[in-house]
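These notes are about the structure you will find just below.
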Amino acid sequence: MKKFIIPAFAIITIAIGCGPKPVPAIVYRPRFFITGTYVYSEQTGFFYVWDTIIISKLPTEVNFHLTRLTTYQRKKSGAVNDREYEVEEFNGVYDPLHLKLLLPGRANEIEFKEEDPSDFWIGNQTYSKIEN
């Protein structure tokens with residue numbers, strides 16, 4: 001009987017030790033905090049800009065549709081020109097591990113921060129959430 005128990009115990013111990021390794025506990029922020037309307041504005045000596053990005057979810061788990069509405073108003077020689085408008089539509093893929101919305105085919109990505117989920121950043125520009 002001892003001859004059977006010792007090899008069986010050794011086999012079980014090896015099987016458990018060689019089994020799948022535990023996956024590190026990664027806290028994934030729910031993707032639903034991403035959807036909403038975000039705004040950014042800036043004024044310089046040469047222009048005003050108002051930027052609105054509307055993020056809506058697509059049927060898949062990590063894909064989102066973005067609509068970007070931008071208004072520019074140039075200043076020249078002290079005079080303010082008429083407003084100019086631009087509308088862009090594109091899709092993004094959310095990376096929950098890095099809290100980023102990747103924008104395939106575009107130079108920038110949208111970065112969310114754990115400590116302030118109501119805002120996001122594109123480069124050094126901060127967009128504030130105004131509507132869910």
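At full extension, residue 116 and residue 132 could sit 4.3 nm farther apart than now, given 0.36 nm per residue minus the alpha carbon distance.
Each residue, residue 106 and residue 84, gets one label point 7 Å from its Cα in the Cβ direction; the gap between the two is 1.9 nm. Can you pull out the GluC sites (Glu not before Pro) in segment 37-106 that DSSP calls coil and that have at most 11 other Cβ atoms within 10 Å? Loop-located and lightly packed - 61.
As a proxy for reagent exposure, ranking 37, 71 by other Cβ atoms within 10 Å from fewest up yields 71, 37. Going from the fewest other Cβ atoms within 10 Å to the most, the residues 98, 65 appear in the order 98, 65. The share of alpha-carbon pairs in segment 29-131 lying farther apart than 15 Å comes to 64%.
Subtracting the Cα-Cα distance from 0.36 nm times the residue separation, let me have the gained length for residue 95 to residue 124 in nm, one decimal.
8.5 nm
In summary, the aspartates and glutamates within cross-link reach of residue 57, defined as a Cα separation below 18 angstrom excluding same-chain residues under 8 places away, comprise 88, 89, 95, 109, 111, 119, 131.
Taking Cα pairs under 8 Å and at least six residues apart, what relative contact order does segment 29-131 come out at, in percent? For segment 29-131, the relative contact order is 23 percent.
FYI, it's all coordinate maths here, none of it is from the lab. Only a predicted model underlies this, so the values are computations on that prediction, with no experimental measurement involved. Methodologically, a virtual Cβ is constructed for each residue, glycine included, from the backbone with ideal geometry; neighbour enumeration extends over all protein chains shown.
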